[in-house]
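Chemist: For reference, the structure I am asking about is given below.
The values are calculated or read from the model by the stated rules, or taken from the named source; none is laboratory data. Given the structure is predicted, the values throughout are model-derived calculations rather than measurements. Cβ placement follows ideal geometry from the backbone for every residue including glycine, while neighbour counts extend to all protein chains displayed. These area figures cover heavy atoms from the full protein model, side chains too; ligands, DNA and RNA do not enter into them. Shrake-Rupley method; radii C 1.70, N 1.55, O 1.52, S 1.80 Å.
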Amino acid sequence: MRSSFSSRLPWPTHDNALASLRAELRAKGKAILDLSESNPTRAGLHDDADLESLLGFFLKAANLRYEPDPRGILDAREELAADYASRKDLGLPPGSESPSPERLFLCASTSEAYGWLFKLLCDPGDAVLVPKPGYPLFDYLAGFESVEARSYRLDYAHPSGWRIDLDSVKSALDAGRAKALVLINPNNPTGSYLRAEERKALVELCARSGCALIADEVFYGFPVEADRDLADGGRSSFVGERGRSSFIGERQVLTFVLDGLSKRLGLPQMKLGWIAASGPAPELEEALGRLEIIADAYLSAGAPIQNALPELLASSADFAARTRLRLTRNMETLRSLLEGPLSPHRVLRCEGGWTAIVESPRLLPEEELALGLLREEALWSQPGYFFDMEREAFFTFGLILRPEDLERGARAYAAFFERLMKR
Ligand SMILES: Cc1ncc(COP(=O)(O)O)c(C=O)c1O
């Protein structure tokens, strides 16, 4: 008799048409440029001297001892707590406090952190509310826990940017069994930070309905056009800080902030993420105790990366500054190449994060456009339907790309559409 598999994994295991064409072209030796590059280790964000000094932080005798702590090695959590306490960019509202080491949990990645939190908060059949457009991994992460990833909407108005459709959050809550509201601050791929009035409304809604908040802040430290006036194409005038604010230490509702080295230091392969918990006292204590049971069962963060955390955090400000410069310059290049009175394309406002969204004429269905970009221009792209955009045609550009690759990619992208319009 054949084995059967869990219905939590309903997804196809074979490649889609785009991935098959890419494999075919690669087999023929074709070099393909990934327009939506999100892998920092392929984008030259660290120079060789950097990487060598990073490697030095891993040679420690302490790595040979095994003294497991479910929340993670205390020294590492103390450094992380000190790092949060020293940050000037968190824009914390009055009453928030930076996390103590007891409220920090180290794990292998933020993806794993989601799994732990869904286990902590949900029974099978419960729901977590997730943004749409949004990061496509949620269907999987929620599905693995037999939890529904129920979406709420974000609306776009040009050039002011994206806003959360609060009515859609209310309807998603009213549909019942919602145990957590996932906020991505700023969201991927829309690049939108939570606005003060959205934050206030959402915290109130969560407090009223007993729904916890999960704030994914992996891109928080990477503002791009957060404070730019796009009336002039985003090239010059600043309108002042739009009030980015982190959910660290939020006290009104049970809150879990996620971050990790994947984006903070551009080192996803090192596998270190964390959860910072806060909220009203009795609930928070119970959550910490229960989360410790989950963390203790996995003990998934390795000793070498935890022991290297103090030095790594010390170098994170330099990495962030260098990366922000690249993101902003690439965004300017994208606007100068793909926008203008005669351009058929529009670059959506990107307040922060590593991804820009370009809207282009829907001359063909998105998937066919993506296949055409791959076949004719050797460009790998992510069409908007990957992120549940409500209409077509949108494509994402990875703002961490090497500037010369981004420019080459944007020119080839424009040339493809120009040819298509003449056909
Ligand atoms: C919004 C968001 N959260 C989390 C992650 C994953 O980070 P990690 O490598 O820590 O799992 C990503 C990866 O791109 C992301 O876009």
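Chemist: Starting from the Cα-Cα distance between residue 137 and residue 285, subtract it from 0.36 nm times their residue separation and give me the gain in nm to one decimal.
Modeler: Residue separation times 0.36 nm, minus the Cα-Cα distance, leaves 50.3 nm.
Chemist: With a probe of 1.4 Å, find how much accessible area the stretch 87-140 has per residue, and write the answer as a whole number in Å².
Modeler: Here the per-residue accessible area is 38 Å².
Chemist: Sticking with this one: If I compute solvent accessible area with a 1.4 Å probe over the protein chains, what percent of it on the chain is carbon and sulfur? Intermediate values should be presented prior to the final figure.
Modeler: Working: 9910 of 19020 Å².
Using a 1.4 Å probe with all protein chains present, the chain comes out at 52 percent carbon and sulfur.
Chemist: If I model a spin label as a point 7 Å beyond the Cα along the Cα-Cβ vector, how far apart are those points for residue 204 and residue 42 in nm?
Modeler: Roughly 4.5 nm, to one decimal.
Chemist: Got a sec? Charge dipole of the chain, +1 on Cβ for Lys and Arg, -1 for Asp and Glu; which of 293, 320, 84 is way out at the positive end?
Modeler: Projecting each Cα onto the dipole axis, the largest value belongs to 320.
Chemist: Considering only 363, 288, 312, give the residue with the highest GNM mean-square fluctuation for the chain, with springs between Cα atoms whenever their separation is below 10 Å.
Modeler: 363
Chemist: Over the chain, what is the mean sequence separation of C-alpha contacts under 8 Å (at least six apart), divided by residue count, expressed as relative contact order in percent?
Modeler: Numbers: 773 pairs, mean separation 98.5, N = 423.
About 23 percent, as a whole number.
Chemist: Rounded to the nearest 20 Debye, what is the dipole magnitude of the stretch 297-347 about its Cα centre when Lys and Arg each give +1 and Asp and Glu each give -1 at the C-beta?
Modeler: Here the size comes out at about 200 debye.
Chemist: Oh, and also: Which angle from 0 to 90°, rounded to the nearest 10, does the C-alpha axis of helix 316-338 make with the longest principal axis of the chain?
Modeler: 20 degrees
Chemist: Residue farthest toward the positive end of the dipole of the stretch 301-379, with Cβ of Lys/Arg at +1 and Asp/Glu at -1: which of 374, 304, 361?
Modeler: 304
Chemist: With a/c under 1.5 counting as rounded, go ahead and sort the stretch 3-43 into rounded, prolate or oblate using the C-alpha gyration tensor (a ≥ b ≥ c being the square roots of the eigenvalues; past the cut-off, prolate if a/b is larger than b/c, else oblate). Working shown, then result.
Modeler: Details: a/c = 3.38, a/b = 1.74, b/c = 1.94.
Oblate shape, in that a/c is at least 1.5 and b/c is the bigger or equal ratio.
Chemist: Angle check, please: helix 403-422 long axis (alpha carbons) against the longest principal axis of the chain (alpha carbons), in degrees 0 to 90, nearest 10.
Modeler: For helix 403-422, the angle is close to 50 degrees.
Chemist: Which of these, 50, 296, 75, has the largest mean-square fluctuation under a Gaussian network model of the chain (Cα springs below 10 Å)?
Modeler: Maximum among the listed residues: 50.
Chemist: How large is the charge dipole for the stretch 122-175, taken about the Cα centre, if only the Cβ atoms of Lys, Arg (+1) and Asp, Glu (-1) carry charge, to the nearest 20 debye? Intermediate results must be reported in sequence, preceding the final value.
Modeler: On the way: 5 positive and 9 negative charges, 57 e Å.
Its charge dipole is roughly 280 debye.
Chemist: Rounded to whole Å, give me the distance from the Cα center of the stretch 78-112 to that of the stretch 333-369.
Modeler: 35 Å
Chemist: If R₀ is 30 angstrom, what is the calculated FRET efficiency for the pair residue 390 and residue 197, using the beta carbon separation as r and rounding to 0.05?
Modeler: 0.85
Chemist: Given the DSSP H assignment, sum -39500 (n - 2.57) over each helix run of at least 4 residues in the chain and divide by its residue total; what's the result at 222 nm in deg cm²/dmol, nearest 500?
Modeler: Working: 13 runs with 164 residues, N = 423.
Roughly -12000 deg cm²/dmol at 222 nm, from the helical runs in the chain.
Chemist: Provide the solvent-accessible area of residue 8, counting protein heavy atoms only and rolling a 1.4 Å probe, rounded to the nearest 10 Å².
Modeler: 110 Å²
Chemist: Pick from 381, 20, 38: which is most flexible by mean-square fluctuation in a GNM of the chain where alpha carbon atoms under 10 Å apart are linked?
Modeler: Among 381, 20, 38, the largest mean-square fluctuation in the Gaussian network model of the chain belongs to 20.
Chemist: Then there's this: Taking every DSSP beta bridge with both residues inside the chain, roughly what % is antiparallel (nearest 5)?
Modeler: Roughly 55 percent of the beta bridges in the chain run antiparallel, per DSSP.
Chemist: Using the Cα atoms as the points, what is the convex hull volume per residue of the chain in Å³?
Modeler: So the per-residue Cα hull volume is 171 Å³.
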